[in-house]
Amino acid sequence: MTTTRPAHIIIVLASFLGGLAIFLAAFLYATGQFGGGNGATGPSAIGGPFKLVDQNGKPVSDADMKGRPFLIFFGYTHCPDICPTTLFEVSEVLRALGPDADRTAALFVTVDPERDTPAVLKDYLSSFDPRLRGLTGDRPAIEAAEKAYRVYAKKVPGENGDYSMDHTALVYLMDKQGRFVAPFKLNRKPEASAAELKRYL
Ligand SMILES: [Cu+2]
């Protein structure tokens, strides 16, 4: 008879804690402090509309990506280490994909549009796989893309008016419908990364 009461309290407590956990996860996600990981990442939480131009001045929007899985990551050409390394690794994945690379896309979106014009991106990307597309746009267009992909980017002043950019360095894997799948792992053989990407073709 008395056993129902503690059980009831436990259920109430459990649902309260569950609710709290969901709220916390949503809060961290919304504020961009959630670094990824499986389970808590909703399918539509990352990704959304963007309207930018590539290194050849050609308009590129989320609608152009429909029907193909793609990788998208944010950075800037003056980045000292992470961006060039990521661009190199993604180039290796595109090479490993062979002809299938044409059925995917790899988008490098600048967080520094003031310096990264299409011409600057074109010159910079000439050192990497030619199928990489560098995207830029005006400040509001870049900020809209950053917001859609929950990307953090902030200017850090340096010497003599120079500056660097702090930014989210995750590579996102998006499916054919433009939905977020998972952060894309690059610390493995390019063939393994290519095989994962192929599963979404
Ligand atoms: Cu970078």
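Structure notes:
- On the stretch given as the stretch 148-185, residues that are under 30 Å from residue 198 (Cβ atoms) and among the charged types (D, E, K, R) total 5.
- In the stretch 49-79, the residues that are under 21 Å from residue 167 (Cα atoms) and aliphatic (A, V, I, L, M): 52, 53, 71, 72
- Some residue of the stretch 92-115 being of a type in the set (A, V, I, L, M, F, W, C), closer than 25 Å to residue 67 by Cα, in contact with a Gly (Cβ under 7 Å, 6 or more places away or on another chain) and touching a residue at least 40 places away in the same chain (Cβ under 8 Å): no
Conditions tested, residue by residue: (1) crowded, with 19+ Cβ neighbours inside 10 Å; (2) under 10 Å from the mean Cα position of the chain (by Cα).
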residue: 144; (1), (2): no, no
residue: 148; (1), (2): no, yes
residue: 155; (1), (2): no, no
residue: 160; (1), (2): no, no
residue: 163; (1), (2): no, no
residue: 169; (1), (2): no, yes
residue: 172; (1), (2): yes, yes
residue: 182; (1), (2): no, yes
residue: 194; (1), (2): yes, no
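- The residues on offer are 108, 128, and the sole one that is within 15 Å of the ligand (Cβ to nearest atom), of a type in the set (Phe, Trp, Tyr) and either on the phi > 0 side of the Ramachandran plot or crowded, with 21+ Cβ neighbours inside 10 Å (or both) is 108.
- Failed item in (1) farther than 26 Å from residue 140 by Cα; (2) within 16 Å of the ligand (Cβ to nearest atom); (3) crowded, with 22+ Cβ neighbours inside 10 Å, with residue 89 passing the rest: (3)
- The stretch 129-142, residues that are aliphatic (A, V, I, L, M), over 14 Å from the mean Cα position of the chain (by Cα) and assigned to a helix (DSSP H, G or I): 141
- Residue within the stretch 117-125 that is of a type in the set (D, E, K, R), farther than 25 Å from residue 45 by Cα and free of Cβ contacts under 8 Å to residues at least 12 places away in the same chain present: yes
- Single match in 113, 118, 84 (criterion: within 16 Å of the ligand (Cβ to nearest atom), under 23 Å from residue 49 (Cβ atoms) and either of a type in the set (Phe, Trp, Tyr) or surrounded by 15 or more Cβ atoms within 10 Å (Cβ to Cβ) (or both)): 113
- Among the conditions (1) more than 24 Å from residue 61 (Cα to Cα); (2) surrounded by fewer than 14 Cβ atoms within 10 Å (Cβ to Cβ), the only one that residue 190 does not satisfy is (2).
- Selection count where residues are of a type outside the set (A, V, I, L, M) and farther than 18 Å from residue 85 by Cβ, scope the stretch 113-130: 8
- Among the residues making up the stretch 143-182, a single one is part of a strand (DSSP E or B), away from the ligand (no atom under 13 Å from the Cβ) and of a type in the set (Gly, Ala, Ser): 182.
Values in this text are rule-based calculations from the coordinates and carry no lab data. None of the values given here were measured: they were computed from a predicted structure. Note: ideal-geometry Cβ built from the backbone for every residue, glycine included; neighbour counts use all protein chains shown.
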